[in-house]
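Single-structure report; data block below.
The values are calculated or read from the model by the stated rules, or taken from the named source; none is laboratory data. Predicted model, so just to flag it, every value in this text is computed and none were measured. Neighbour counts are summed over all protein chains in view; Cβ atoms, including those assigned to glycine, are modelled from backbone coordinates with ideal geometry. Remember, those area values only see protein heavy atoms, side chains included, never the ligands or the DNA or RNA. Shrake-Rupley method; radii C 1.70, N 1.55, O 1.52, S 1.80 Å.
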Amino acid sequence: MTCYDCTQQDRTGTPAVGVCARCGLAACQDHARVLVAQVSQSHGLGPSTAPIAARRFVCHPCDTAERAY
Ligand SMILES: [Zn+2]
Ligand SMILES: [Zn+2]
C-alpha cells in the first residue's frame, strides 16, 4: 500500500506505514502522526481509564481537522 498524500503530490510509491483511524486512507511517516490515546471503559461508577496508553494513527489532514476546534 502506498501513501495517499504522496500519491496526490506526485511522490508516487512511498510505502505507507499505517492506516488513518479517522478516514481510513494509508499514510507514510511524513504524512501521519502517532498520537497517545487513553482507553476508557464504563464500569457503572463512571468511566475508568486504563493505566496504559494506547496508540492512535491519524493522517495529517485528519490531525489538523481534529485540532481546529
Ligand atoms: Zn506520504
Ligand atoms: Zn485521515
Residues of segment 18-51 being open to solvent by 30 Å² or more (accessible area, probe 1.4 Å) and near ligand 1 (Cβ under 9 Å from one of its atoms), which ones?
Gln29, Asp30
Find all pairs meeting these conditions: Cβ atoms under 9 angstrom apart; at least six residues apart or on different chains; first residue within segment 14-39 and closer than 18 Å to Ala53 by Cβ; second residue open to solvent by 90 Å² or more (accessible area, probe 1.4 Å) and not in a loop (DSSP other than H, G, I, E, B).
Gly18/Gln29; Val34/Arg55; Leu35/Arg55; Val36/Arg55; Ala37/Arg55
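Restricted to segment 1-60, and to residues that are of a type in the set (Ser, Thr, Tyr) and part of a loop (DSSP other than H, G, I, E, B), which residue is farthest from the chain's Cα centre (by Cα)?
Our first condition is that a residue be of a type in the set (Ser, Thr, Tyr); within segment 1-60, this holds for 2, 4, 7, 12, 14, 40, 42, 48-49.
From what's left, part of a loop (DSSP other than H, G, I, E, B): 12, 14.
Values: Thr12: 21, Thr14: 18 Å.
The qualifying residue farthest from the chain's Cα centre (by Cα) is Thr12.
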Filter segment 52-69 for residues that are within 16 Å of ligand 1 (Cβ to nearest atom) and of a type outside the set (D, E, K, R); the one that is most open to solvent (accessible area, probe 1.4 Å) is Thr64
If you go through segment 7-17, how many residues are touching a Cys at 6+ places or on another chain (Cβ under 9 Å) and within 14 Å of ligand 2 (Cβ to nearest atom)?
2
I'd like the full set of residues that are within 12 Å of His60 (Cβ to Cβ) and buried (at least 16 other Cβ atoms within 10 Å of the Cβ), limited to segment 1-17.
Cys3, Tyr4, Asp5, Cys6
